[in-house]
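Below is one structure, written out as C-alpha cells; the observations come after it.
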Amino acid sequence: MSEARTFECSICGEPSTDICVYCAKDACANHRCARCLRCSDCCECEVPLEAESAEESAPAGQNHPVS
C-alpha cells in the first residue's frame with residue numbers, strides 16, 4: 001500500500017492533498033472552493049460559501065427586510 005502524499009498549501013502553508021483545477025497549485029480545504037474546485041486566489045464564485053450557509057440557517061421570513 002502507498003501513503004497519500006501530503007503537500008503544502010500555496011496560500012497558507014498548511015498540509016494539503018488537493019490542487020486548484022485552474023492554476024494547479026496546492027490548496028488546503030480552507031483555501032479551495034467546494035463549488036468550482038479552484039483555490040481562493042482563482043475562485044470567481046459570486047457568493048462566498050459562508051454567506052450561503054448563513055442564509056440557509058436563517059428562519060423563514062427573515063431573509064428579506066420588510067419595507
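What follows is calculated from the coordinates using simple rules that are stated; it is not laboratory data. What you see is a predicted model; the values in this text were computed from it and never measured. Positions of Cβ are generated from backbone atoms using ideal geometry, with glycine treated the same way; all protein chains shown enter the neighbour counts.
Dividing the Cα radius of gyration by the Kirkwood radius, what Rg/Rh value follows for region 7-47?
Taking Rg over the Kirkwood Rh, I get 0.93.
Please identify the trypsin sites (Lys or Arg not before Pro) of region 2-34 that satisfy two criteria: DSSP loop assignment and at most 13 other Cβ atoms within 10 Å. Which are they?
Arg5
Starting from 0.36 nm per residue, how many nanometres of slack lie between Arg5 and Asp18 once their C-alpha separation is accounted for?
Answer, rounded to one decimal: 3.7 nm.
Hey, can you grab everything whose amide H is under 5 Å from the amide H of Ser16? Only 5+ residues off in sequence or another chain; H modelled, so Pro and N-termini drop out.
Here the answer is Phe7, Glu8, Cys9, since their amide H atoms fall under 5 Å of that of Ser16.
Quick one: Glu8, Glu46, fewest Cβ neighbours within 10 Å first, how do they rank?
With the sparsest Cβ surroundings first, the list reads Glu46, Glu8.
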